[in-house]
Amino acid sequence: MRGCLAVYEREMLILKKKLARQLASMSVGPILYLIAFGLGMGKDVQVHGRPYLEFLIPGLVAMSSMTQAFAIASEINIARFYWRIFEEFQAAPIRNIAYVTGEVLAGITRGLLSIGVILLIALIAGIALSYNLFFWLAVVLNSFVFASLAVCMAMLVRSHADQALLTNFFITPMAFLGGTFFPVDRMPLWVQKVLDFLPLTHAAHAIRGAAYGETPQPFSYLLLAGLGGMLFVLAFYCVSKAKE
Amino acid sequence: MGARDGGRLRWRSQNSHGMIRIENLKKNYRTIEALKGVNLQVGEGEIFAYLGPNGSGKTTTIKILTGLASPSSGDAYLSGYHILRQTLDAKRQCGLVPQTINLDHELTVYENLNIHGKLFHMRRRERLSRIDELLEYVDIKERRDSPVKQLSGGMKRRVMVARALMHAPRILFLDEPTVGLDPTIRRKIWSLVKKIQQSGSTIFLTTHYIEEAEFLADRVAFLEAGRIVALDAPQAMMGRLGAWAMDEIVNGEMETTYFKGREEANRHVALQKGSFALRRVNLEDVFLSVTGKKVQP
């Protein structure tokens, strides 16, 4: 437990040192999307009987928690390939599970921090949604999935360039196709079936439903929890493998 | 203490407590055999130098002993704990100063040491007093709250030594601790290593600086292509070759002749017609005589 907290505290110290830059960087994307897709499309556009901005904000929450939780992979990579801090963790008497837990918690924290930025922007834009327990549960599960995936990927890649490649192939397509900017049910049926395999589709669905104050559908939550659990276990094996 | 074994020097432990015990340790990286069955013991309070050219397996040995890599076969014990079967206990016994600087450059000296203390499960009060004590010990107390990125190379090395000593390890691994440092800083690190030894720690040092091993080590092992080819006290190894060496160029090749004493060397020098250099025998000569190669890469 102490080992896990040490790993987490290190990530938080680094985050704290560059908090202003991080917050600015976390704000740029959502502000641009709000201007481009929200204001640009006009207030008259409606999705499922609600203004488009009300549809967009939960989508941005899903996307941002995904990208920021996944961004822990870059921090791990810098620590591993550039500063070689990973050796310090490997030489310490902590179990690999403590290391994975510390990094995943750091990823979730980053995800939550980015949500804070979006909700503040939404508040300023006058968009009122329900930020209830199920909303936060879906956000945490989504961050858990992508932080665990980030640890796996960070252990498998051999360089920073590989990391950027993985982000381009996995995260960017998901950010645009996972029900962030448009309703998945307006896509052709076969595309909908494909998009059903993306965890972000389920995260956006759960976050949006909770933000609208609808009764939560357990399937999305269970799927995110199950997938997150699997990736967490996989991350543990990837850390063991990275020793070689 | 030294005994010939098939033309190679071997040291037989007589009163060693075996703080480090390595038995037939092998490591393969796909088709490359990095270690080909290393056996050695290092006693308590000893400074043991592990010498060899780049790629000879020095860092691989340290990586295996400190838990950064797994052996392909063989056994190793740190203070009696098996490195694979009692991994966490074995890791608690050792501190590591790796070859490359691996401090968190964004964090301060204090934060780096504090995180290390937490990783080794030290309590807050213990960590705070130990950090102050160690920063004074390595003579860098005034930079306690400076970010590591603002320190010079020599200071970073000293912070790494302080970090490795945070949890009071019984064994300290120093992997090329002075590589890239200027001679003044290098000597400061040597003094520090001697001071650490006096506090009772066992030190396992890799280097390819011959003079570093001569100055610091109680015993030296020469590693070549994954095998130990010689192991003994530096003075004993050098004494077997002689006390003086004369280098001369013969038919375009450097040749070295060894002499037991200065008078014998002087008699030989008096007969020389070409250019030559007379000097004391060093560990490089021992390595050359055993392998036919130089230690320096």
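The values are calculated or read from the model by the stated rules, or taken from the named source; none is laboratory data. The structure displayed is predicted, hence computed values, not measured ones. Every residue, glycine as well, gets a Cβ built from its backbone with ideal geometry; the counts of neighbours run over all protein chains shown. Ligands, DNA and RNA are stripped out before the accessible areas are found, and what is left, the full protein with its side chains, is counted by its heavy atoms. Shrake-Rupley method; radii C 1.70, N 1.55, O 1.52, S 1.80 Å.
Local charge sum around residue B:157 (other residues, Cβ-Cβ under 14 Å, Lys/Arg +1, Asp/Glu -1)? The partial results should precede the final answer.
Working: positive: B:143, B:156, B:158, B:163, B:186, B:187, B:188; negative: B:139, B:175, B:176, B:182, B:212.
That sum, taken over residues with Cβ under 14 Å, equals +2.
Once the Cα atoms are used to define both axes, helix A:199-211 deviates from the longest principal axis of chain A by about 50 degrees.
Looking at chain B alone, DSSP beta bridges between its own residues are antiparallel in about 65 percent of cases. Partners of residue A:193 within straight-line reach, counting aspartates and glutamates whose Cα lies under 12 Å from its Cα and excluding those fewer than 8 residues away in the same chain: A:185. Out of every Cα-Cα pair that chain A contains, those further apart than 27 angstrom amount to 35 percent.
Cross-linked pairs B:58/B:188; B:27/B:63; B:58/B:260; B:27/B:156; A:241/B:36: Cα-Cα separations exceed 21 Å for B:58/B:188; B:58/B:260; B:27/B:156; A:241/B:36. Around the Cα centre of segment A:2-242, unit charges on the Cβ atoms of Lys, Arg, Asp and Glu (plus for the first two, minus for the last two) sum to a dipole of about 400 debye.
Residues of B:113-121, mean number of Cβ from any other protein chain within 10 Å of their own Cβ, rounded to a whole number?
Working: counts 0, 4, 9, 5, 1, 9, 15, 7, 7.
Taking the mean over all residues of the peptide, I get 6.
Going toward the positive end of the dipole of the protein assembly as shown, with +1 on Lys and Arg Cβ and -1 on Asp and Glu Cβ, which of B:151, A:115, B:48 do you reach last? Value computed over the given set: B:48.
If r is the Cβ-Cβ distance from residue A:78 to residue A:222 and R0 is 22 Å, what FRET efficiency results, to the nearest 0.05? Write out the running numbers ahead of the final one.
Values: r = 34 Å, r/R0 = 1.57.
So, using R0 = 22 Å, E works out to roughly 0.05.
For the set B:84, B:128, A:119, the ranking by accessible area, highest first and with no ligand, DNA or RNA atoms included, is B:84, B:128, A:119 under a 1.4 Å probe.
Within the set of other residues whose C-beta is less than 12 Å from the C-beta of residue A:48, count the net charge using Lys and Arg as +1 and Asp and Glu as -1. Intermediate values should be presented prior to the final figure.
Working: positive: A:50, A:186, A:208; negative: A:54, A:185, A:214.
The answer is 0.
Spacing of the modelled spin labels on residue B:144 and residue A:130, each 7 Å from Cα toward Cβ, amounts to 5.4 nm. If you wrap the tightest convex hull around every Cα atom of the protein assembly as shown and split its volume per residue, you get 192 Å³.
A Gaussian network model of chain B, with springs between Cα atoms under 10 Å, assigns the largest mean-square fluctuation among B:65, B:103, B:271 to B:271.
Ignoring everything except DSSP H segments at least 4 long, calculate the 222 nm mean residue ellipticity for chain A; use -39,500 (n - 2.57) per segment, divide by total residues, nearest 500. Estimated from H runs of four or more residues: -23000 deg cm²/dmol. Of all beta bridges that DSSP places with both ends in the protein assembly as shown, some 70 percent have antiparallel geometry. Note on chain B: with a GNM built from Cα contacts shorter than 10 Å, the maximum mean-square fluctuation among B:229, B:179, B:97 falls on B:179.
Give the calculated FRET efficiency between residue B:271 and residue B:191 to the nearest 0.05, with a Förster radius of 56 Å applied to their Cβ-Cβ distance.
Working: r = 43 Å, r/R0 = 0.76.
Approximately 0.85, to the nearest 0.05.
Rounded to the nearest 20 debye, the dipole magnitude of segment B:2-234 is 420 debye, with +1 charges on Lys and Arg beta carbons, -1 on Asp and Glu beta carbons, and the Cα centre as origin.
Positive-end ranking of B:237, B:95, B:272 along the dipole of chain B, with charges on Cβ about the Cα centre, is headed by B:95.
Rounded to the nearest 20 debye, the dipole size of the protein assembly as shown about its Cα centre is 620 debye, using +1 on the Cβ of Lys and Arg and -1 on the Cβ of Asp and Glu. Note on A:9-21: average number of Cβ atoms from other chains within 10 Å of each residue's Cβ is 3.
As a rough guide to protection, the peptides A:74-83, B:52-61, B:260-269 ranked by mean Cβ packing within 10 Å, highest first, stand as B:52-61, A:74-83, B:260-269.
For chain B, modelled as a GNM whose springs connect Cα atoms under 10 angstrom apart, the maximal fluctuation among B:225, B:233, B:69 occurs at B:69.
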